[in-house]
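We did not get these values from a lab; they are worked out from the coordinates using the rules stated. Here the structure is a predicted model, which is why all the values come from computation and not from measurement. Here the Cβ positions follow ideal geometry from the backbone for every residue, glycine too, while neighbour counts run over all protein chains shown.
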Amino acid sequence: MTRAIVLIGPMGAGKTSVGRRVAKTLGTSFHDSDAAVVREHGPVEDIFATYGEDHFRDLERDAVAIGLAQGGVVALGGGAVLHADTRAALRAHRVVLLTVAPATIESRIRGTRRPLLQAEDPIARWQEIYAARRPVYDDLADVTFDTSSGPLQDVVDAIVAWVRGDADTQAGVGQ
């Protein structure tokens, strides 16, 4: 089995943007679980509205499994780690947690259509969700990098160095 490099973290942390760049730098494939679900089943907000979150999580689990089987770089939706099967599968891979400060997230999620953030105060809801998921993220992560400030390329370079064994895995960017 090929070990994938898996990016996990909260909504808006930059998993897709960072993941694409890491894959390109490493010359490997990139798989985005949310994009795969949308390609196969339609917009996330429609899936939530029609079938509910549990159904979406099952579709997401299947999309993650496909990505992990392919190897390369795999970006997971923020809640993908909620599924027990996904958590178990991640144990065999290199897992990178991308974090982002609440002060930074506002501009990233402004005007979002994300179903879980359709609240009176999307930032407060984001903070609630992140706080609830953070122990799971921390448990799964082999290394953590923060995307709150500085060029995204710095995070990409740090992950690539970590993957290649050139970095102190305890340091991380902005940790």
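Give me the percent of Cα-Cα pairs in the range 5-164 that sit more than 20 Å apart, rounded to a whole number. The proportion of pairs with Cα distances above 20 Å equals 47 percent.
Estimated purely from DSSP H runs of n ≥ 4, each contributing -39500 (n - 2.57), the mean residue ellipticity at 222 nm for the chain is -16500 deg cm²/dmol once divided by its residues.
With each label modelled as a point 7 angstrom along the Cα→C-beta vector, the ASP54-ILE123 pair spans 3.5 nm.
Could you tell me which of rounded, prolate or oblate describes the range 1-93, using a ≥ b ≥ c as the square roots of the eigenvalues of the alpha-carbon gyration tensor, with rounded for a/c under 1.5 and, failing that, prolate when a/b is larger than b/c and oblate otherwise? Prolate, because a/c is 1.5 or more and a/b exceeds b/c. Computed about its Cα centre, the charge dipole of the range 5-164 is approximately 500 debye, with only Lys, Arg, Asp and Glu carrying charge at their Cβ.
Among LEU98, HIS31, TYR137, which residue has its Cα furthest toward the positive end of the charge dipole of the chain, with +1 on Lys/Arg Cβ and -1 on Asp/Glu Cβ? Of the options given, the answer is HIS31.
Based on DSSP loop calls and a cut-off of at most 14 other Cβ atoms within 10 Å, the longest stretch of the chain free of exposed trypsin sites (Lys or Arg not before Pro) is what? Excluding the exposed sites themselves, the longest stretch runs over 4-90.
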